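See below for the structure under consideration.
The values are calculated or read from the model by the stated rules, or taken from the named source; none is laboratory data. Predicted model only: the values in this text are computed from it and were never measured. Glycine also receives a Cβ, built like all others from the backbone with ideal geometry; neighbour counts cover every protein chain displayed. For the accessible areas, the whole protein counts, side chains as well, though only heavy atoms, and no ligand, DNA or RNA atoms are used. Shrake-Rupley method; radii C 1.70, N 1.55, O 1.52, S 1.80 Å.
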Amino acid sequence: MKKRKMNIGLNDKGILRRTLLTISVFFLSLNTFASEPLYKDSSMPVESRIEDLMGRMTLEEKIFQLNQYTLGWNNNENNLGEEVKEIPAEIGSLIYFEEDPELRNLMQKKAMEESRLGIPILFGYDVIHGFRTIYPISLAQACSWNPALVKEACAVAAQESRMSGVDWTFSPMIDVARDPRWGRVSEGYGEDPYLNSVFGVASVEGYQGNNLSDTLSIAACLKHFVGYGASEAGRDYVYTEISPQTLWDTYLPPYEAGINAGAATVMSAFNDISGVPASANPYTLNDILKQKWNFDGFVVSDWAAINQLKEQGYTADNKEGTMRAINAGLDMDMMNHAYDRNLQALLEEGLVTQDVIDEAVRRILRVKFRLGLFENPYTSEVKDRFLRKSSLETASNLAAESMVLLKNDSTKVLPLKNFKKIAVIGPMAKTQKELLGSWNAHGNPEDVISFWEGINKEFGSTHEIRYAEGCDFDSDISNGLSDAMKLADWADIVIMCLGEKNNWSGENASRADIHLPAIQESLAQTISASGKPMVLILTNGRPLALDRIEPFFNAIVEAWQPGVAGGESLAGILSGRINPSGKLAMTFPLTTGQIPIYYNRRKSGRHHQGFYKDISSEPLYPFGHGLSYTDFEYSDIKISSSEIKKSDKVTATVSVKNIGEIPGYETVMWFVSDPFSTITRPVKELKHFEKVNINPGETREFSFEIDPLKDLGFVDNEGNKFVEPGDYYITVNDKRIKLTLTE
């Protein structure tokens, strides 16, 4: 990749930084006569406080600030590292594994009272989709197409986290991911760059609130920077081959949006980007993130990522990894014991400069000052901080809007009407644990409303409901099959609950085959022989291949891993109390063999050839698919001007009418297509969306204001945006209109 020259000071932020440093020098001179250090004075500018503190720190104290260890019980099987038995009071950060602030406060007291300068520790944790009130997994959240609701959920996660002693979350994950074999698709927002951008911004705003120093806010962390979602064949931690242009048009946009939203921190990725690992990549970490985008927070490594530079064949040992990582712009070392053991020697050998170390320390201190940790280092005990009524309402709403009605055939068995005897069958029906999903923080299965519980609460007073497990999740044991068959013969309708365990997705959970286990597919086939109407409820962390069982079912609801309120929300959809409104944020392939398959692919050289000979080349359910219990009618698109200049803006509008009998949310998605470009482009690109509830007979107007450079333009292999004259097409649903851009 071509490296950019540093261009410091040629923008507003650079000028501001120089001005603040000048002010700092002035205040430092005044502080010579002060009784208390300036860095402890909250009335002083943050940059002044940073410079005062930097001038007082020894090299050892600076190096400790660049390291993160762990505190508390570590229950993540992937996080096997060196046990920290004696944590130094000067340590910069700790991953905090407890849900109570008591141990955290004891460690913070050690830092404040036993270290020479009393620099507070920054406590982080993987709060991915909730702390104790667990929300749907992030992929499901994207299917809600409701960023305001996701922002609300992240604010709840921040409140529970901060009150429990956690100041910083390693979230959101905004890796564009197009291979469902990769387990970490569950943690992100799907296959589209714009969708990841929108939900990434919503998450940052939810976590960080209006002010980072607020006692209900936590620092967000954009991860994994960058291109991790392109892992070959969906295998975790492996090489990624990404061209410079694809890096800019697909993988970088969500991060730029997150930085512009004020994200406090960034986490480097595990992957090797076209020969240079992301955790030691000066082009992405320094040239793009810090210089081009003016990011002034800090970058933390992923767990032991510096050590893994050796395994990737990039460095000979941990010492060289330290040198390459910090010189590239990686500021904090997460559980590598690389910086604490090697930085002083590297400095003495001239392989790392004092300026590089100081800049990394400044960035970490800046986040601590912005969080208000110097003024409020401790966390007060709040007993009712979890599972508040309003938090559970948000969980219920988000679960309901995240669920996607994939199929509801001509029999229209959903919502359930005229069925008095309901058979609930399958290993997912009564489980609570699996509904939490991966990375479920301090989620407690006992807090979860199971599907069985939700269905009984919804239908129990008016229907007869019976249950049979039918089979295990993935073993060959099928001794419950006969009971399930008898139950199906008894019932008017069968609700079958199948899917993945919560640890089948997430980190280090790649799968070569995304079909359901054979025993579950066998159960579906066997019960279908009863001839009774069947509804499939899916619980999973990735798109699944359903080609072998989809024909058995009259209706399919993708419930994902919905969190604590999953059973309640699902039951509402089954009864019709809730009209499903979710739409897919990631394509469901017909079979594993179609992967990768995604909506915004580039054009083929032969539109009439190049298809699979043995299966369809079309997905089972495309990006944006999702059914409702009502119907919507779209008008033709109107545009304020069909011909515009690059400096103009134009507004496109479309009217949507609810022609059904019940209210329903409709998500209107606006796509742009550029048929011919000097850099070839995807067949269509999502640029705007809006989700609105529409009453029966009501018509709502939706609009999209088009800025030519932002909405019609593209990006070259150096990140430069451009827009070319010519014809463009604006698409909504099945409606399309041409827009001509002149010079």
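Here are the numbers for this structure:
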quantity: In order through the range 383-399: 3J(HN,Hα) via Karplus (6.51 cos²θ - 1.76 cosθ + 1.60), integer Hz, x for Gly, Pro; calculated: 6, 9, 7, 9, 6, 5, 4, 5, 5, 6, 5, 4, 4, 5, 5, 5, 4
quantity: From phi via Karplus (6.51, -1.76, 1.60), per-residue ³J(HN,Hα) for the range 733-743 in Hz, x at Gly/Pro; calculated: 6, 9, 9, 8, 9, 8, 10, 9, 9, 9, 4
quantity: Per residue, in Å², the accessible surface of the range 194-341 once ligands and nucleic acids are set aside, probe 1.4 Å; calculated: 27 Å²
quantity: Nearest-ten-degree value, helix 101-114 long axis tilted from longest Cα axis of the chain; calculated: 10 degrees
quantity: R0 of 30 Å, Cβ-Cβ distance residue 58-residue 508: FRET efficiency to nearest 0.05; calculated: 0.15
quantity: Of (1) 1.11; (2) 0.99; (3) 1.61, the label for Cα Rg over 2.2 N^0.38 Å derived from the coordinates; calculated: (2)
quantity: Global form of the range 553-692, assessed from the alpha-carbon gyration tensor, a/c cut-off 1.5; calculated: oblate
quantity: Segments 129-142, 493-506, 259-272 sorted - mean Cβ within 10 Å per residue, highest first; calculated: 129-142, 493-506, 259-272
quantity: Acute angle (nearest 10 degrees) that the helix 193-208 long axis makes with the longest principal axis of the chain, alpha-carbon atoms; calculated: 60 degrees
quantity: Label-point separation, residue 274 to residue 388 (7 Å along Cα→Cβ), nm; calculated: 4.7 nm
quantity: Cα centroid separation, the range 653-719 to the range 314-335 (Å); calculated: 43 Å
quantity: Tensor-based shape of the range 163-211 (alpha-carbon gyration tensor, a/c under 1.5 rounded, otherwise prolate or oblate); calculated: oblate
quantity: Carbon plus sulfur fraction of accessible area for the chain, probe 1.4 Å, in percent; calculated: 48 percent
quantity: On Cα atoms only, tilt of 518-528 relative to the major axis of the chain in degrees; calculated: 30 degrees
quantity: Nearby lysines by direct alpha-carbon distance to residue 486 (threshold 28 angstrom, same-chain neighbours under 8 apart not counted); calculated: 407, 412, 417, 420, 421, 430, 433, 457, 501, 532
quantity: Beta bridges per DSSP with both ends in the chain, % antiparallel, nearest 5; calculated: 50 percent
quantity: Calculated [θ] (222 nm, deg cm²/dmol) that DSSP helices of n ≥ 4 give over the chain, each run adding -39,500 (n - 2.57); calculated: -8000 deg cm²/dmol
